[in-house]
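Enquirer: I am attaching a structure below and will ask some questions about it afterwards.
The values are calculated or read from the model by the stated rules, or taken from the named source; none is laboratory data. These figures come from a predicted structure and were not determined experimentally. Positions of Cβ are generated from backbone atoms using ideal geometry, with glycine treated the same way; all protein chains shown enter the neighbour counts.
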Amino acid sequence: MKITVVGRQMTVPEDIKALTEKKLAKLDRYFPKEESATVTFSRKRNHENIEITIAAANTIFRCENSDETFRNALDKAVDTIDRQIRKNKTRLEKRLRQTGFVPPVAEEELTEQSEKVVRQKNFKLVPMSVEEAILQMNLLGHSFFIFENADSGLTCVVYARKDGDYGLIVPEKD
């Protein structure tokens with residue numbers, strides 16, 4: 001696995017980088033090809049935060065944890081990602097077999113050009129079914145997900161409803 005370590009407003013110590021690579025190497029057994037992972041370290045309010053994002057076969061695994069030490073946060077984050085993969089293993093195995101590595105689909109850019117827009121995210125729309133979009137939304141831990149419907153070719157939004165069900169927003173063609 002290709003691992004990119006990023007420190008937000010800090011320099012990540014070499015021993016933490018080595019430990020991160022060792023811990024994430026355990027996840028290689030799930031991926032048939034060379035996948036990419038981005039690990040971001042930061043400190044906020046006397047807690048050390050870690051964010052792990054793995055892009056594999058049009059699927060993004062993401063986890064964010066906070067603890068008193070980076071080691072504890074890293075352990076929790078790797079366990080969370082491992083749990084996400086095992087929970088959805090059969091669906092993911094099918095997708096990993098069908099498609100190869102796809103570069104990360106989400107890139108964050110901080111913008112300072114507008115007073116109202118404080119963050120801009122650019123991502124590639126990947127054709128998928130509604131079920132796959134719900135899976136992806138749940139893996140990311142988001143309340144909504146934008147995707148290209150593989151059946152209709154339209155850009156749609158799936159979202160989590162307060163009652164525990166899911167909603168789908170489909171644009172009308174004129």
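Enquirer: Quick one: which strands (runs of 3 or more DSSP E) sit completely within the stretch 134-174 and have at least 1 residues that are aliphatic (A, V, I, L, M) and in the same structural domain as Ala56 (by TED's automatic domain parsing)?
Expert: Ranges flagged: none.
Enquirer: List pairs: first in the stretch 65-89 and surrounded by fewer than 17 Cβ atoms within 10 Å (Cβ to Cβ), second among the basic types (Lys, Arg), Cβ under 6 Å, 6+ apart or cross-chain?
Expert: From residues that are surrounded by fewer than 17 Cβ atoms within 10 Å (Cβ to Cβ), there are no pairs.
Enquirer: All but one of (1) more than 23 Å from Ala56 (Cα to Cα); (2) free of Cβ contacts under 8 Å to residues at least 12 places away in the same chain hold for Glu131; state the number of the condition that does not hold.
Expert: Result: Glu131 fails condition (1) only.
Enquirer: With at pLDDT below 90, closer than 20 Å to Leu140 by Cα and in contact with a Cys (Cβ under 7 Å, 6 or more places away or on another chain) as the only criterion, which of Ile85, Ile54, Ile81 stands out?
Expert: Result of the check over Ile85, Ile54, Ile81: Ile81.
Enquirer: Still on this structure, I have one more. Which of the residues belonging to the stretch 1-51 are in contact with a Cys (Cβ under 9 Å, 6 or more places away or on another chain) and either of a type outside the set (A, V, I, L, M) or in a helix (DSSP H, G or I) (or both)?
Expert: Glu51
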